[in-house]
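Have a look at the structure below before the remarks.
Just so it is clear, none of the values below were taken in a lab; they were calculated from the coordinates. Because the structure is predicted, anything quoted here is derived from the model rather than measured. Every residue, glycine among them, receives a Cβ derived from its backbone with ideal geometry; neighbour counts consider all protein chains shown.
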Amino acid sequence: MILKMSKVSIIGPQRLLPEVMACIYEAGVLHIETTPERIKDTPYIKRLSLPPEQKNEMMELERVTGLAKKTIDTLTPLFVKLPPVDDRHKEAGVHEAKRIIEEISRSVDNVDQEIRGLGHQLSLYARYEKILDTLSPLIAMMPESPFKDYTGVTLYKREAPLTVLEESLQRMTEGRYELFKRDIDSEIMACVIAYPKEFGPGIKKLFQEGNISELRMPADLADMPIRESFKVISEKRAALPFQISALEKRLQRLAFERYGELVQCHRIVEERLRQMEVSSDLYGTKDTFFLSGWIPEEALSKFTKNIKNRFQDRVILGRIPPTDQERDRIPVVLNNPGFLRPFEVLTRFLSLPKYGTLDPTPLLAIFFPVFFGLILGDIGYGAILLLASLWLRWRWKNRELLYNIGCVLTASSLVTMIFGVIFGEFFGTLGESIGISPYINRSQTLIPLLILSVVIGGLHISLGLLIGVIIAMKRREAREAFTKLFKLLFVFSLFTAAASFYGILPAEWGYVFVLSGSGIILVLIFLEKWIAPFDALKLIVNVLSYARIMGFGAASLFLASIANRMATMPESVILGILLGIFFHLINVIIGVYAPAIQTLRLHYVEFFDKFFYPGGIEYKPFGKGERW
Amino acid sequence: MELGLMAIGAGLAIGLGAIATAIAQAKIGAAGIGALIEKPELLGRILILLVIPETLVILGFVIAVIILSVPR
């Protein structure tokens, strides 16, 4: 059911705007509408601009919210389960909240930056790991001398062979060099070369010309002699993981101690920012403001009294009747009784219905479990699903979406068990072996069940069309109402003609209904133009599509039978039982997925198409709890 | 012989329907995933588009059952 909404407008002096906004925010029931274009174009009406000090405050709040979000994003991954919001600062003012956010963010950012910096260093040093491991023993062998210089190079054996390098060094230094080499892998070789210092520039040039890559140390160690820089890298490589781990522990402690506090303060700042954002988007004259919005009718009188008591005649609240052009802009609140509410998740999954149309949730609550049960129809599978759904509801009782899915699954599994009793199925054909006798044996009544499925389809679609006619009349869409009415008659003539051909009705009636069906198509062509014949064909396909109820039902039964047969094949009883459990488990998974998807499809594609107006705007009241 | 032909007919009805459904779903699925990355809120609508071609295989299945149920 869609809650009835009223449109209200509020007009008052601009100096009272902050107070009025705070009052509306506190009530949390008004969905504020963007000011319509026709009002924006009225003479003397202009967008309200915030005074400079408020603009500055807004910018500051945006900065602090961004900071809080960034810090929350840094801390959130540290929790397996998020801690509750800390209420300590619930009544804190915006300034206090800002101070706390900045303090926590600064601490978190410092530690986080340090971790990142050390992590960067570690990954940098890790790149030297192989070379370092290879060259360290060579460096250790080098005699220390103030007149000698060392350099390390890596050689690609194929591109720059060692012999060429040695020949060049020999020529340049006249044999006054030492070279120590070791293979890093099959392609790369590392060398350390010692030479008198005066040959330094010439040797560097030689490396450049010969395309030999000289070992470059990290920037912070570039000025250090190679022997020392190797030592520093080794020490840091050993120490950095411990330092990072200590900092991570510090960050975790910060998260545990202050996360809840941070979230609470973030909310306070966001609330204030939201109030300012909405105020800055309003219109008014030089001295007054104007706003309009939607409010559930049941909350209207309390809201009106509240405004009246607080502002007396200084602020005027009026109720405006919505125009026809506005009807698709009215926000929608789905309001179903508690036991139907979980099924709203199936409606929302597609889209909200437009205001003034029908909320299909109650219909989904009836037909979804029935179709699901009709397809799966097995006591054993139903029992497993029932247990799984109860677990889901218990485990995720605080997560609305999962809890609601659990409730939908509970209803569906109960109906599955009822149909399981009718079909005499317990893990497929196992029911017969333990003495459960079927009222309807699905494996032997495929054709009657096929006909039953198509008949169910016809009735379901007819119901959809009937609802479609009523809604179209309510929306004063005469052509749409007539089109749907004639489509309904077409389905009726289709079924009566089929009944005549199958001998349920007198044979001569069949021709009458075929003729009337053709006549209806002509009327539909008049109403819908060239698309009508395709629409009539689509109706037939829609009805036949319900054959999937029987099709997937039979597939589920046959899969269960195969699982039972597999279980009896091995000679070992234990292996047989394990195989049986394995295949039945697979079947349970398919058993949840296939009926759920197929049933949803029958509703979304075949049924909703006849009466559902998607694209409803979600009701988002301005106020506390709006985002959380 | 007649039974064999009926079985082949039933197999073709469901098999060709299944192939056609698979081709259509592969294309819709690929496009749907692309759209989902941009707009995750379209999941419901994409699911509908994805399951629309299944009617082909269901109709094939109906024909197959009818063929096999013809009294011999």
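Descriptive notes on the structure:
- One way to sum up the overall shape of the range A:187-291 is the equivalent ellipsoid from its Cα gyration tensor, whose semi-axes run 62, 25, 11 Å, largest first.
- Over the range B:2-64, the alpha carbon radius of gyration divided by the compact-protein estimate 2.2 N^0.38 Å works out to 1.45.
- Given R0 = 60 Å, the distance between the Cβ atoms of A:Gln312 and B:Leu43 translates into a calculated FRET efficiency of 0.75.
- Candidate aspartates and glutamates - alpha carbon under 18 Å from A:Lys55, same-chain residues fewer than 8 apart omitted: A:Glu19, A:Glu270, A:Glu271, A:Glu277, A:Asp281
- Kyte-Doolittle at least -1.0, axis length at least 27 Å by Cα - qualifying DSSP helices, chain A: A:52-75, A:94-126, A:226-280, A:400-423, A:446-474, A:478-501, A:507-528, A:547-568, A:573-601
- Between A:Ser234 and A:Trp530, the modelled label-to-label distance comes to 8.4 nm, taking each label 7 Å out from Cα in the direction of the beta carbon.
- Scanning residues 5 or more positions from A:Leu358 or on other chains, those with amide H under 5 Å from its amide H are A:Tyr613, with H placed 1.01 Å from N in the peptide plane.
- 222 nm mean residue ellipticity, helices alone, for chain A (DSSP H n ≥ 4; -39,500 (n - 2.57); rounded to 500): -21000 deg cm²/dmol
- Helices that extend 27 Å or more along their long axis by alpha-carbon positions and average at least 0.5 on the Kyte-Doolittle scale are, among the DSSP H runs of chain B, B:2-38.
- What you get for chain A, charging only the Cβ of Lys and Arg (+1) and of Asp and Glu (-1), is a dipole of about 1540 debye around the Cα centre.
- Gain on full extension, evaluated as 0.36 nm per residue between A:Ile589 and A:Glu26 minus their Cα-Cα distance, stands at 198.0 nm.
- Efficiency of FRET between A:Lys157 and A:Ala126 - r from beta-carbon atoms, R0 30 angstrom, step 0.05: 0.80
- Within straight-line reach of A:Lys484, meaning a Cα separation under 12 Å, sit the following aspartates and glutamates at least 8 residues removed in sequence or on another chain: A:Glu528, A:Asp535, A:Asp609.
- Sorting B:Leu43, B:Leu3 by the number of Cβ atoms found within 10 Å of their own Cβ, with the fewest placed first, yields B:Leu3, B:Leu43.
- Straightening the chain between A:Lys70 and A:Ile504 buys 149.1 nm, computed as 0.36 nm per residue apart minus the Cα-Cα spacing.
- Binned Cα-Cα distances of the range A:269-328, short to long, each 5 Å bin given as a whole percent: 4, 12, 17, 21, 27, 15, 5, 0
- Each part gets one Cα centre, and for the range B:34-58 versus the range A:565-608 those centres are 23 Å apart.
- Within-13-Å neighbourhood charge of A:Leu402 [Cβ basis; K, R +1; D, E -1]: +3
- Each Cα pair under 8 Å and six or more residues apart adds its separation to the average, and for chain A the resulting relative contact order is 21 percent.
- Computed as a quarter of the hull surface, the mean projected area of the alpha carbon convex hull for the protein assembly as shown stands at 51.9 nm².
- Projected area averaged over orientations for the range A:129-216, convex hull of C-alpha atoms, nm²: 5.5 nm²
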